[in-house]
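Presented below is the structure to which this report refers.
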Amino acid sequence: MSDRPDRAMVFAAGLGKRMRPVTDRVPKPLIQVAGKTMLDHMLDRLADAGISKAVVNVHYLADQIEAQLAGRQHPKIVISDERAELLDQGGGIKKALPQLGSEPFFICNTDALWIEGPKSNMGRMLEHWDPAKMDVLLLVAETATSVGVDWPGDFTMAPDGRLTKREERKVAPFVYAGVGIIKPELFAGEQADVFRLAPYFFDAAEQGRLFGLRLDGIWLHVGTPQAIHEAEEAILQSAQ
């Protein structure tokens, strides 16, 4: 089998608390930005990159998400049902591993949008992915120039692309742009059913196997109602 990622885990199960009151009746992934749901923005990026299958986990207002996805052909959609219990991102991956397979796969947040540069950023990630030296590859964006970033960044990046976790009480130049490639074997020994994903990033960083690829374009983090307007304004300006 090829090491080229061909599948994706798309996180659509969260409660979207920071997006209230918008999410009182609409799940966060179905909020529209520039005339398209955030979930469809992400799935369209995956389709354009040639990804054949996306596992989408659902919990909050799950019926709405399933209805939205019912007619989609590319990528092929598989629902991972978390209605009974919200598993967090790590647990969501563990539950979906039988569908994701034994090869590296994309991980995608639905509140992460971007204005594309000259080349597909997911396509660039596929070209950059090197399983011999990487356990995780994250798309990262500049903290200072991204839209909707209200925290002091996530990572510093070495000249060779290796990422290091932001030091406490310091500002880091890069934020995680909500898309990555990860190896499934990292989760092989995990006993818990509910667990976070971020510690896996940090463990990989400590072993020198967490890498970043700088986003070409402008990253739009849509985490609050105000950020919807900021993202749409940025998209409008980029089209002029």
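The values are calculated or read from the model by the stated rules, or taken from the named source; none is laboratory data. Just so it is clear, the model here is predicted, and its values are computed rather than measured. With ideal geometry, Cβ positions are generated from the backbone for all residues, glycine too; neighbour counts draw on all protein chains shown.
Given the conditions (1) more than 18 Å from PRO199 (Cα to Cα); (2) surrounded by fewer than 20 Cβ atoms within 10 Å (Cβ to Cβ), which single one is not true for THR156?
So THR156 meets the others, but not (1).
Among the numbered criteria (1) outside any helix (DSSP H, G or I); (2) free of Cβ contacts under 8 Å to residues at least 60 places away in the same chain; (3) farther than 25 Å from LYS95 by Cβ, which one does GLN237 miss?
(1)
How many residues does the range 61-90 contain that are buried (at least 18 other Cβ atoms within 10 Å of the Cβ), charged (D, E, K, R) and not in a helix (DSSP H, G or I)?
So the answer is 1.
Mind listing whichever residues of the range 62-73 are touching a Leu at 6+ places or on another chain (Cβ under 8 Å) and either farther than 19 Å from MET38 by Cβ or at pLDDT 95 or above (or both)? Steps first, please.
Within the range 62-73, the first condition is being touching a Leu at 6+ places or on another chain (Cβ under 8 Å), and the residues that meet it are 64-65, 68-69, 72.
The answer is GLN64, ILE65, GLN68, LEU69.
All but one of (1) farther than 19 Å from ALA204 by Cα; (2) modelled with pLDDT of 95 or more; (3) of a type in the set (D, E, K, R); (4) part of a loop (DSSP other than H, G, I, E, B) hold for ASP130; which doesn't?
Here ASP130 meets the rest and fails (1).
Is it the case that the range 1-11 has a residue that's closer than 25 Å to ASN121 by Cα, of a type in the set (Ser, Thr, Tyr), out of contact with any Lys or Arg (no Cβ under 8 Å at 6 or more places or on another chain) and not in a loop (DSSP other than H, G, I, E, B)?
Checked the range 1-11: no residue is closer than 25 Å to ASN121 by Cα, of a type in the set (Ser, Thr, Tyr), out of contact with any Lys or Arg (no Cβ under 8 Å at 6 or more places or on another chain) and not in a loop (DSSP other than H, G, I, E, B).
Restricting the search to the range 78-102, which residues are at pLDDT 95 or above, closer than 17 Å to SER52 by Cβ, touching a helix residue (DSSP H, G or I) at 6+ places or on another chain (Cβ under 8 Å) and not aliphatic (A, V, I, L, M)?
Correct list: SER80 only.
Need pairs with beta-carbon distance below 8 Å; first residue aromatic (Phe, Trp, Tyr) and within the range 15-37, second part of a strand (DSSP E or B); sequence gap 6+ or separate chains.
none
Among the residues of the range 140-159, count how many are of a type in the set (A, V, I, L, M, F, W, C), part of a strand (DSSP E or B) and within 17 Å of the chain's Cα centre (by Cα).
Residues meeting the conditions: 4.
Return the residues of the range 209-233 that are assigned to a helix (DSSP H, G or I) and polar (S, T, N, Q); say none if nothing qualifies.
Kept after step one, since they are assigned to a helix (DSSP H, G or I), are these residues of the range 209-233: 225-233.
Once the filter is applied, which keeps residues that are assigned to a helix (DSSP H, G or I) and polar (S, T, N, Q), the range 209-233 yields only GLN226.
Residue-wise test of (1) modelled with pLDDT of 95 or more; (2) over 19 Å from ILE107 (Cα atoms); (3) buried (at least 22 other Cβ atoms within 10 Å of the Cβ).
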site: VAL140; (1), (2), (3): yes, no, yes
site: SER146; (1), (2), (3): no, yes, no
site: ARG162; (1), (2), (3): yes, no, no
site: ALA192; (1), (2), (3): yes, yes, no
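What number of residues in the range 176-208 are under 12 Å from the mean Cα position of the chain (by Cα) and part of a loop (DSSP other than H, G, I, E, B)?
Summing the residues that are under 12 Å from the mean Cα position of the chain (by Cα) and part of a loop (DSSP other than H, G, I, E, B) in the range 176-208 gives 1.
Pairs under 8 Å by beta carbon, first residue touching a residue at least 12 places away in the same chain (Cβ under 8 Å) in the range 97-117, partner assigned to a helix (DSSP H, G or I) and among the hydroxyl-bearing types (Ser, Thr, Tyr), six or more apart or different chains?
That search, which allows pairs on different chains as well, returns ILE115/SER238.
Answer with yes or no whether GLU127 is touching a residue at least 40 places away in the same chain (Cβ under 8 Å) and more than 13 Å from PHE11 (Cβ to Cβ).
It is false that GLU127 is touching a residue at least 40 places away in the same chain (Cβ under 8 Å) and more than 13 Å from PHE11 (Cβ to Cβ).
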